[in-house]
Structure formats: C-alpha cells, structure tokens
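Any read-out appearing in this document is the output of simple, stated calculations on the displayed coordinates, not a laboratory observation. The structure displayed is predicted, hence computed values, not measured ones. Ideal geometry is used to build each Cβ from the backbone, glycine not excepted, and the neighbour counts take in all protein chains shown.
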Amino acid sequence: MGGFFGVAAQQDCVFDLFFGIDYHSHLGTRRGGMAVYGKDGFNRSIHNIENSPFRTKFDKDVNEMQGHLGIGCISDYEPQPLIIRSHHGTYAITTVGKINNTAELIQGLFDTGHAHFLEMSGGEINATELVAALVNQKENLIEGIRYALDVIDGSMSLLLMNKAGIYVARDRFGRTPVAIGKKEDAFCASFENFAYKNLGYTDYKELGPGEIVVMTDKNCITLSNPNNNMKICTFLWIYYGYPASSYEGISVEQMRYNCGAKMAQRDTVKPDIVAGVPDSGIAHAVGYANESGIPFSRPFIKYTPTWSRSFMPTMQSKRNLIAKMKMLAVDELIKDKSLLLIDDSIVRGTQLRETTEFLYQRGAKEVHIRPACPPLLYGCKYLNFSRSSSEMDLITRRVIARLENGNVTDEILEEYANPETEKYAQMVEEIRKEMNFSSLQFIRLDDMLDATGLDHCKLCTYCWNGKE
C-alpha cells in the first residue's frame, strides 16, 4: 500500500516530516523517502527499510536535512519521492496508489514524444515517474495533476512540492484518504490523520474525492473541487488502518468493535473464550466479546521486539516462518478450551491454518474461526491488499475452481458471493475442512458495511463481489 506525509512551515519542517512519515510505517514494507526544499534548494534521501525501521535508517538524515517544505513516504514498491525537472520547473513528487493501465499510458507518452523512462531493478517502470510524466503533459501543474488522476485506471493520490508550496491531490474516487492538519505557521498533509496529532496539529479538513489543494505555511487553498462519487477502501477499517486512525470521520477502532458485534449477533457457537489474531483481529474480538458476553482473552501473544513483520520478506515461505516464530502460547488459556478466533481476513489461508494447528498442539479442544470480512473472491485492483500474482492464490478461488471443475464465470462467482446461496455454504464448508477449523463463519458483506456507518454506495467492495 504505502503512505505519505507533507509539511509546509514557516520554520524548519524536518522534525515534523520525519515523525509524520514514521507514523506511516505500518503501511509499507520496502522503502522510505524524504525530500525537502529550503535555502539550498532540493535535498532528498531514500533508504531500503526491509530489514530495519524507517526511524533507524533516517536518523542521520533528519539531523542533516533542512527545509521549510517537505514531503515523504513509506512505500511498498518504488523508491520515492522523485525530483523532476520539467517545463513546470523542478519539483518533488510522491504517490500512493496502483496503476492498472501502465502499458497503455507509457505507449501513449511515447507516441506523443516522451523520450524514455528509467527502469527499476525489477525491470518495472517507477509508477511515480509515470505519474510525473502524465502531469508534465499539460501546460500547468493543476491541469497536469487533474489529467493524471483522470487517465489512471486504478487509484492515485499524490503530493507534489515545488518552491511555492505543496500540491495535494486525492484519488478521484477517494479510494485512499488524505487529511490536512493545521498549527500555528504550518500546514501538513497526511494519509493517516493520527500522524500529526502528537506534533501539535489539529484537524483542518479531509480532502474529497479528486480534490486538489495547495499548502503553504499560511494557508491551504482548494484548486479543484471534490467529485460527488466516492469509493473508499473498506479494508482501511478492517485491516490497513492503525487503531488511532479515522477516515471520513469514522474511527478504525470503533468500526472494528462494531464489526465484532455484528458477527456475535449472528453466531450460535458458545466457546469458552474469544480471541483476536494479533494485531488487527484484536479489536474485532473485543467487539464480539462485549456483544456476546463471552470473555475476551489472549491465548497467544505476538513477540515483536526483534521479529520483523510477517509480510515483510519477499518469499512467502519466509513470511510464514516468521509469523509462526512470533506467536507465543499462553498454555493455561488454551488447554482443554473451546476458542473462537477472529482474524481480519482469510487470503491464502496458510498462516491461519498454521495458527489453528498451533492451538490444537497446545491442547485446544475446539478452534472456531470468524473472519472480520467476507470471503475474498477477487484480487484488489486498487490498493494491492491481496498482492497475489494470480487470483488463484486466494483460497476461495482455489476451492471454487475445484467445486466447479475449473469452469468459473462471473455469474458463478456472483452466486458464491451471496451468503444466502447453497454454493456459498458449500464453499465455506470446503474451506473449513481444508483448514481444519471446528467451524467457520464469515461476516456478511452488508453487516460489515453497516459497521462503518457510511452509506454503502461510498464504500469499495470489489474484492468481495467484483463490483466497483
């Protein structure tokens, strides 16, 4: 996924920029970057953060960089921010999003005289460089940013900094959030609104879908008004978002409580304890326990002081090993107990199956699984939630292909997405048997959407029902 942070201040902004970016470390796994503008012009630093955190890698830079304007990011893929020189002058740019029509856009740029792109080490073109090339197709920055947002199939939010200020743009369907914070003599832009609270900023506004603003130390001016249509990612509340975050005024932590309560209201199983898979499943489990009256407990604890995050390594086998090594059992809360375990989702199923086996080995009598989102039937087109190279990496699609003898159409998938159908029940039972769960019950899509408190039409549900 990735996240960004930007600051326009009267005084030096590097301290705020450093900690604002660091607060986005839960959103990305590969690279971090900072770019500032001050009396000496542009200065930039990018580091690999796969094996050590952002704060450690940039500790030296933060003491050497100076500037009153700054942008930075935590990135899952491409190195950024980039420094670009064009007919717009020199600017720095960083992005959050996913481009599905990369080849088409690149060919269009070549056809109109664009000379070349630099390839990254993996052979792909840097998506942020592509966005900059699109911006440069127009005569001014505002038209260029608007053009880039319009022609990209997928999602794209960005920060663009030149010597005059920082341009901030939110994806045209608002699939990712952008919040503006304000304090005396400074404005900031952030993916996560909690990231600026401890730095002395207060909420100023949330950008609407497709809205473009420009920030200086004195003001934040809207350059392009927001669109009416929103399709914000529901996974921001279910999984991605940090508990202290809120999007569209809806608290992540409270939404997860609501989600757990919705699951409890439809459940008939009476386990001894309710537990959440650390970390994102915990709040859902608290909501379930509060609603059901079944005690919340922590039968296993994640050991985090030295282990990197389980999705950090590039090899799936290594991710699975690290996930297993991090889990420490509290045997007294497991042996001879019936456990109901809530996780944010089931993607491939590997880690949850191993967690279940781990609990059985420790003496659990039953392990009932309650995912906090419906079955994932489609790979994410917008934010790379399920970063699979193929939708067949999803356990649901493997099971459906087996049940349908490989004949899987959109019409058939629609039946499997409907919790009222026999096909849905058959799919869930097949997953339960394959994963060796005592029982398996997914939250319903309508219940999950209700738990946000937003109108359903404003929420993206593509990965569950294929509808944009």
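A few notes on this one:
- Subtracting the Cα-Cα distance of Ile301 and Lys205 from 0.36 nm times their residue separation leaves 30.8 nm of extension gain.
- Residue-wise HN-Hα couplings along region 171-183, as the Karplus relation 6.51 cos²θ - 1.76 cosθ + 1.60 with θ = phi - 60° gives them from phi, are 2, 5, 9, x, 5, 10, x, 9, 10, 10, x, 9, 9 Hz; Gly and Pro carry x.
- Scattering curve values for region 216-282, log₁₀ I(q)/I(0), Debye with Cα scatterers, q = 0.12, 0.14, 0.17, 0.21 Å⁻¹: -0.50, -0.61, -0.78, -0.99
- Leading residue at positive end of dipole, region 3-230 (Cβ point charges), from Val135, Gly3, Val14: Val14
- Comparing Ala92, Gly174, Leu403 along the charge dipole axis of the chain, the residue lying farthest to the positive side is Ala92, per the Cβ-charge model.
- Taking 0.36 nm per residue of sequence separation and removing the Cα-Cα distance, the Asn63/Asp446 pair yields an extension gain of 132.9 nm.
- Electrostatic dipole magnitude of region 3-230 [Cβ: Lys, Arg +1; Asp, Glu -1; Cα centre; debye, to 20]: 300
- Low-density loop positions, trypsin sites (Lys or Arg not before Pro), region 429-468 - DSSP coil, at most 12 other Cβ in 10 Å: Lys467
- Spatial separation of Cα centroids for region 215-281 and region 158-197, in angstrom: 19
- Derived scalar couplings between HN and Hα for region 356-372 equal 5, 4, 4, 5, 5, 4, 8, x, 4, 7, 9, 10, 9, 10, 10, x, 8 Hz in order, rounded to whole Hz, by the Karplus curve 6.51 cos²θ - 1.76 cosθ + 1.60 (θ = phi - 60°), x for Gly and Pro.
- Were the residues from Asp111 through Ser52 laid out at 0.36 nm apart, the gain over their Cα-Cα distance would be 17.0 nm.
- Nearest 10 degrees, 0 to 90: helix 141-151 Cα axis against the chain principal axis: 30
- Degrees, to the nearest 10: 102-111 long Cα axis against longest axis of the chain: 20
- Proportion of all alpha-carbon pairs of region 251-465 beyond 20 Å (%): 59
- Once both labels are positioned 7 Å from their Cα atoms along Cα-to-Cβ, the gap between Ile83 and Glu332 label points is 5.9 nm.
- Size-normalised alpha-carbon gyration radius of region 3-230, reference 2.2 N^0.38 Å: 0.93
- The separation of region 354-377 from region 38-69, counted between C-alpha centres, amounts to 42 Å.
- The peptide list 187-197, 395-405, 15-25, put in order of mean Cβ contacts within 10 Å with the highest first, becomes 187-197, 15-25, 395-405.
- Those lysines that a straight Cα-Cα span of less than 21 Å connects to Lys183, excepting residues fewer than 8 apart in one chain: Lys163, Lys197, Lys205, Lys218
- Counting only Cβ charges, +1 for Lys and Arg and -1 for Asp and Glu, the dipole size of the chain around its Cα centre is about 900 debye.
- Shown in residue order for region 62-75 are the 3J(HN,Hα) couplings computed by the Karplus curve 6.51 cos²θ - 1.76 cosθ + 1.60 at θ = phi - 60°: 5, 8, 10, 7, 9, x, 9, 10, x, 9, x, 7, 10, 10 Hz (x for Gly and Pro).
- Helix 316-326 vs. the chain, principal-axis angle (Cα, 0 to 90°, nearest 10): 70
- Mean ellipticity per residue at 222 nm, deg cm²/dmol - from DSSP H runs of n ≥ 4 across the chain, formula -39500 (n - 2.57): -8500 deg cm²/dmol
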